[in-house]
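Chemist: Shown below is the structure under consideration.
The values are calculated or read from the model by the stated rules, or taken from the named source; none is laboratory data. All values reported here derive from a predicted model rather than from experimental measurement. All Cβ positions, even for glycine, are placed from backbone atoms using ideal geometry, and neighbour counts span all protein chains on display.
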Ligand SMILES: [Zn+2]
């Protein structure tokens with residue numbers, strides 16, 4: 001028996017507090033991930049990458065009993081909501097490519113799970129609804145989601161099986177796509193998976209969600225212990241910068257009977273709730289973080305994570321709090337990747353080895369930070385096509401646009417400057433410019449947790465820095481309007497609805 005399966009993907013993690021929208025252009029262009037791909041391009045251009053759709057397609061190849069119909073893959077760097085135009089485009093392309101492909105037995109979708117559009121707080125649910133309206137209720141649909149999904153009952157109702165990443169940093173994206181495909185084939189073979197879904201009553205800040213540390217390490221190990229042929233449990237920890245009713249962690253169990261699914265979901269929820277106090281993780285202001293880092297002994301750098309200006313969570317990647325803190329004490333430090341297209345352009349115009357006086361950072365105006373006015377020396381220039389070398393994105397290419405390595409003259413501080421927002425999660429974003437970050441005492445990265453995969457093993461310590469940015473990690477109930485009543489703002493935090 002050969003199954004005809006269609007493959008499509010469209011990823012966006014939406015920060016509803018960020019001002020910039022994700023329009024058609026943002027989905028068409030390359031950034032941390034490839035440009036929009038259609039038809040056979042999807043298979044060719046994602047081959048070998050740690051992407052869910054690449055893992056699902058590779059699994060299909062290995063099985064040999066699946067005829068693959070790749071339709072679409074696209075993503076935009078996290079930002080404010082997806083425009084209605086871009087959302088419509090995604091559905092239009094999937095349906096047009098499906099029609100061109102002819103009849104299929106099932107559809108696999110590589111989605112994020114935290115997409116908010118101008119019209120829909122539950123972007124993925126709305127997309128599934130549109131596809132179901134065209135394809136009918138019976139076509140098996142399998143969906144893989146990001147660990148930061150804000151799971152909704154509607155999405156679960158419209159899909160036949162869902163799998164969710166189990167690592168943060170997301171080292172298992174391709175594996176999660178492959179896992180989804182295997183469950184989807186089980187559905188095609190007649191397996192019935194009853195879902196059970198439970199939402200937790202507290203938000204977890206993202207810097208506390210890393211799965212290499214407590215309590216997530218144990219929570220995710222427990223999910224693997226639940227895997228069996230007829231049942232499994234997954235867990236999304238939620239994306240806190242989405243002011244929507246479904247924001248927050250949730251568990252999702254599937255089993256052959258509704259009773260077993262419920263019992264598995266209840267147990268997973270109990271484990272998650274029991275771990276609530278363990279999610280309390282410190283944030284340190286930029287000056288104190290730099291001072292603390294300079295006293296830490298050991299080998300390798302201290303990584304200072306500028307967690308609230310992470311472009312991978314919708315940040316502008318151009319705030320200057322940590323940069324100013326480095327300069328104030330003349331620390332031997334490097335910061336990356338700071339997005340400032342004007343500064344990058346001026347560096348290219350000045351030329352390699354030249355000095356120039358200019359303003360750096362804070363161009364987006366999303367925060368109150370002042371830009372850095374200083375003399376800079378242009379140490380390196382690049383077109384910004386950077387092959388990733390770390391485990392998470394290895395095999396892919398970052399598209400930074402015109403970019404440069406700058407030295408702040410009169411200090412020991414250097415900065416990697418880009419024209420496109422790209423999360424500083426891979427050492428290649430520094431080594432491409434001739435700098436091995438593990439040789440620099442203090443390394444500032446605009447990343448919340450993904451940097452840990454490539455930087456932490458060689459570092460003498462990590463500090464999560466609380467500087468300006470549109471991705472709040474210190475959760476504040478007064479910012480939200482649409483959460484579920486009673487939600488706690490972080491582990492054992494204040495309750496939403498009591499002070500707004
Ligand atoms: Zn994620």
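Chemist: Given the criterion in contact with a strand residue (DSSP E or B) (Cβ under 7 Å, 6 or more places away or on another chain) and more than 16 Å from the ligand (Cβ to nearest atom), identify the matching residue among 331, 291, 349, 325.
Modeler: Answer to the check: 331.
Chemist: If you don't mind, another one. Filter the stretch 115-149 down to residues that are touching a helix residue (DSSP H, G or I) at 6+ places or on another chain (Cβ under 6 Å), closer than 23 Å to residue 191 by Cα and part of a strand (DSSP E or B) and give me whichever is farthest from the ligand (Cβ to nearest atom).
Modeler: Filtering the stretch 115-149 for residues that are touching a helix residue (DSSP H, G or I) at 6+ places or on another chain (Cβ under 6 Å), closer than 23 Å to residue 191 by Cα and part of a strand (DSSP E or B), the one farthest from the ligand (Cβ to nearest atom) comes out as 142.
Chemist: Next question, about the same structure. Those residues that are assigned to a loop (DSSP other than H, G, I, E, B) and touching a strand residue (DSSP E or B) at 6+ places or on another chain (Cβ under 7 Å), I need them from the stretch 427-440; list them, please.
Modeler: Within the stretch 427-440, 432, 433, 434, 435, 440 qualify.
Chemist: While we're looking at this one, here's another question. Assess whether residue 215 counts as being in contact with a helix residue (DSSP H, G or I) (Cβ under 6 Å, 6 or more places away or on another chain), more than 28 Å from residue 494 (Cβ to Cβ) and assigned by TED's automatic domain parsing to the domain that holds residue 117.
Modeler: No, not satisfied.
Chemist: I'd like to know if the stretch 341-354 contains one or more residues that are in contact (Cβ under 8 Å) with a residue 24 or more places away in the chain and under 23 Å from the mean Cα position of the chain (by Cα).
Modeler: The answer is yes; a qualifying residue exists.
Chemist: Please tell me if residue 410 is over 13 Å from residue 455 (Cα atoms), modelled with pLDDT of 95 or more and surrounded by fewer than 17 Cβ atoms within 10 Å (Cβ to Cβ).
Modeler: So residue 410 passes the test.
Chemist: Within the stretch 224-255, track down each residue that is within 16 Å of the chain's Cα centre (by Cα) and in a strand (DSSP E or B).
Modeler: 235, 236
Conditions (1) more than 14 Å from the ligand (Cβ to nearest atom); (2) assigned to a loop (DSSP other than H, G, I, E, B), marked per residue:
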position	(1), (2)
154	yes, no
171	no, yes
176	no, no
183	yes, no
197	yes, no
212	yes, yes
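Chemist: Let me ask you something else. Take the residues of the stretch 386-426 that are without any contact (Cβ under 8 Å) to a residue 40 or more places away in the chain and touching a strand residue (DSSP E or B) at 6+ places or on another chain (Cβ under 6 Å): which is nearest to residue 445 (Cα to Cα)?
Modeler: Here the answer is 405.
Chemist: Also: Just one of the numbered conditions (1) modelled with pLDDT of 95 or more; (2) assigned to a loop (DSSP other than H, G, I, E, B) is not true of residue 366; which one?
Modeler: So the condition that residue 366 fails would be (1).
Chemist: Among the numbered criteria (1) in contact with a helix residue (DSSP H, G or I) (Cβ under 9 Å, 6 or more places away or on another chain); (2) under 30 Å from residue 301 (Cα atoms); (3) not in a helix (DSSP H, G or I), which one does residue 492 miss?
Modeler: Among (1) in contact with a helix residue (DSSP H, G or I) (Cβ under 9 Å, 6 or more places away or on another chain); (2) under 30 Å from residue 301 (Cα atoms); (3) not in a helix (DSSP H, G or I), the lone unmet condition for residue 492 is (2).
Chemist: For residue 281, are the conditions met, namely being touching a residue at least 60 places away in the same chain (Cβ under 8 Å) and more than 16 Å from the ligand (Cβ to nearest atom)?
Modeler: Taking the combined requirement at face value, the residue satisfies it.
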